[in-house]
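For reference, the structure discussed in these notes is given below.
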Amino acid sequence: MYGYLIIQRLLQLLMYICGSKEKYRQLRDLHTLETHVSEVHKLCDKVIKQERIQGSTLAVLPYDVLVSLVRSLTLFINVG
């Protein structure tokens, strides 16, 4: 029960700092997108490094990397 109240107060504080609900939502979405863009860059860098080590020109992504990539790209669509 206290967890809900704490979260509610934190959201109120964040909206007060941002100035309005609309500005809060914009900043939240921007942060979410920046975080996932960073994750996509890390995944791509990881794959590129592996391909350079193996000497391959064709990238074959492991299943867990594909799942993570699809989640991030789906989030871009949802936020947009």
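Quick notes on this one:
A quick yes/no check of all residues on (1) in contact with a helix residue (DSSP H, G or I) (Cβ under 8 Å, 6 or more places away or on another chain); (2) closer than 30 Å to Leu69 by Cα; (3) hydroxyl-bearing (Ser, Thr, Tyr):
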residue: Gly3; (1), (2), (3): no, no, no
residue: Leu13; (1), (2), (3): no, no, no
residue: Ser20; (1), (2), (3): no, no, yes
residue: Asp29; (1), (2), (3): yes, yes, no
residue: Thr32; (1), (2), (3): yes, yes, yes
residue: His36; (1), (2), (3): yes, yes, no
residue: Val40; (1), (2), (3): yes, yes, no
residue: Arg52; (1), (2), (3): no, yes, no
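- Scan of the range 16-36 for residues that are farther than 23 Å from Leu75 by Cα and aliphatic (A, V, I, L, M), ordered by number: Ile17
- Selected residue [modelled with pLDDT of 85 or more and among the hydrophobic types (A, V, I, L, M, F, W, C)] from Leu58, Leu43, Leu30, Leu75: Leu30
- Residue in the range 37-58 that is hydroxyl-bearing (Ser, Thr, Tyr) and over 19 Å from Val79 (Cβ atoms) present: yes
- Matching entry among Leu13, Leu73 (being in contact (Cβ under 8 Å) with a residue 12 or more places away in the chain, of a type in the set (A, V, I, L, M, F, W, C) and surrounded by 10 or more Cβ atoms within 10 Å (Cβ to Cβ)): Leu73
The values are calculated or read from the model by the stated rules, or taken from the named source; none is laboratory data. This structure is a prediction, so every number in the text was calculated from the model and none was measured. Neighbour counts run over all protein chains shown; Cβ positions are idealised from the backbone, glycine included.
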